[in-house]
1. Only four residue types carry charge here, +1 at the Cβ of Lys and Arg and -1 at the Cβ of Asp and Glu. Report the dipole size of the stretch 286-428 about the Cα centre in Debye, rounded to the nearest 20.
2. Have a look at Gln341, Thr389, Gly369 and report the one farthest towards the positive end of the charge dipole of the stretch 324-430, computed about the Cα centre with Cβ charges (Lys/Arg +1, Asp/Glu -1).
3. Mind jotting down the distance between the C-alpha centroids of the stretch 384-427 and the stretch 328-357, whole Å?
4. Extending each Cα 7 Å along its Cβ direction at Ile202 and Glu347, get the distance between those two points in nm, one decimal.
5. Using a Förster radius of 25 Å, what is the FRET efficiency between Ala134 and Glu367 based on their Cβ-Cβ separation? Nearest 0.05, please.
6. Is the stretch 158-231 rounded, prolate or oblate when judged by the Cα gyration tensor, a ≥ b ≥ c being the square roots of its eigenvalues, rounded requiring a/c under 1.5 and prolate requiring a/b larger than b/c?
7. So if we plug the beta-carbon distance of Asn440 and Ser148 into 1/(1 + (r/R0)^6) with R0 = 51 Å, what FRET efficiency do we get, rounded to 0.05?
8. Tell me whether the stretch 162-283 comes out rounded, prolate or oblate; compute the Cα gyration tensor, take square roots of the eigenvalues as a ≥ b ≥ c, and use a/c under 1.5 as the rounded threshold.
Amino acid sequence: MESAVALPDDVELLKRMVIELQNKLLWTEEKLRAWELRYFGRKSEKQKAEDDKQNRLFDEAELNATGREEPVIEKVPVAAHARKKRGRKPKAETLPVKEVIHELHDEERACPCCGKARPEIGEERTSEYEVIPAQVIKIVHIRKKYGSCSCEAFEKSGQTPVISAAGPAKLVKGSDFSNRTIAFFITAKYNDALPFYRMEKILNRSGLVVPRATLSNLAISAGRAIGDLIEMMNRDIVQSPVMVMDETTVQVLKQGEGPPGKSYMWAAVGYRNGKPIHRFAYHKNRSGSFADTLLEGFSGYLQSDGYSGYTHLEGRRDITRVGCFAHIRRKFVDSIKVTGQPGKAQEAVDLIGKIYHTEKECRALLEKGSMNEEEFLSTRKERMAPIFTEFRSWLMARSYDTAPQTLLGKAVAYAQSQFDAAIRFVDHILLQPDTNIVENAIRPFVVGRKNWLFSGSPHGAHVSAGLYSLIETAKANGHEPYTYLAYLFDQLPLCRTESEREALLPYNLSPSSYTANGM
């Protein structure tokens, strides 16, 4: 029986054909498996479900509920060793306390033998927490007016005949809402990811009818009011020695002419005197030219993923591009998930794990004060060097014995293309092995985007970028978002100079400076 395909008699050629067919089959199986995982598989990069403790934002209650409150183990130092103290973790430190005394009625206290009241010998105390739903009150500001004095001298003095007491300084002039109420609205949407259409319903239940259009207009007005602060933050972040950047998609409904399209929210993290600044910027596309615009005036280390929009910046002498080991690791994890077995990809994941372990140990010593910044940099470089050498050699070996079209082959190729940039994080104390700091900063926007799906217009997206910048910078510097915005919105209308406004920036203001005054 003749074969449908004529095969050569050369054994070596047959071997090469078999290897090529095996590689094609492996690539096809990986592609099929990748599609299955995309639609039906776990999205986490964690390799064990029990290790997936980070970012459990939505199933936290289901995962942790046990039907009872678990005791919290707290270490209490004693003379010879540390004992474990059991007890519930305090839910709050400084809350108003209301005591409710429960007593027996006289007839219940009466002795069944002689009828006398049984004596009180002590008490038992238990506590519970009660959350009072939002209460809306109407504040009427009454500004007293004062007329002219009846003396003869006043008529000749030229003084204003009528004077009045000053009213509240408003962030949004003419608004029906107090500054702190506007701060509440902004915090709910941009920090808690509560869309305005839901807030409208919540307020309606409290007896206050506020259309979502009014809430949106308030957000835009607040965005305009903080415009000077955002410009100052943009000025300061480009002076940072380090910049970490990432971007994510956002749909904008009205982009001038044409149908709604996919736009991008760019995020950057920099530093001012070691304190973080988070910057968000909206743009209609992912073009590398916009990265140039954001980085105008910046010189230093730029850390990002391997997106080509950043790679052209390597030609600038004033910028040193730094890569991301988290993105490198992600490629190998994808290979493990698709193939269903660790194999060679696990070796790469383990090597990257050594990098993170070393970084964690060195950072711990720095934070404990066991080494200064110079010692940290030199120690980290020294300890990382043999790991980098081992990983580079491993990548070189795998590039020869791995089919390039497989996921492992693609992971190896990506790692080799990014390796020289990725290892540069050891050159500056503010740099870490990955861009997780900016990915964590962008996460609240991503969560919010899932709630309201899109921005109405480019102008609204720009306003959102400014408000996100301010709130995320405040959080990164230890501020509670609502408390900070409430203080800021009360103080900003009173500022007359640039230095007064600059003092209100989150990284120039200590939370204790205003919380001590009862905020």
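Values in this text are rule-based calculations from the coordinates and carry no lab data. The structure presented is a predicted model; accordingly, all values stated were derived computationally and were not measured. Cβ atoms come from the backbone with ideal geometry, glycine included; neighbour counts cover every protein chain shown.
1. In total the dipole reaches around 460 debye.
2. Gln341
3. For the stretch 328-357 versus the stretch 384-427, the Cα centre distance is 12 Å.
4. My value for the distance between the label points is 5.3 nm.
5. Result of the calculation: an efficiency of 0.05.
6. oblate
7. 0.25
8. Verdict is oblate for the stretch 162-283.
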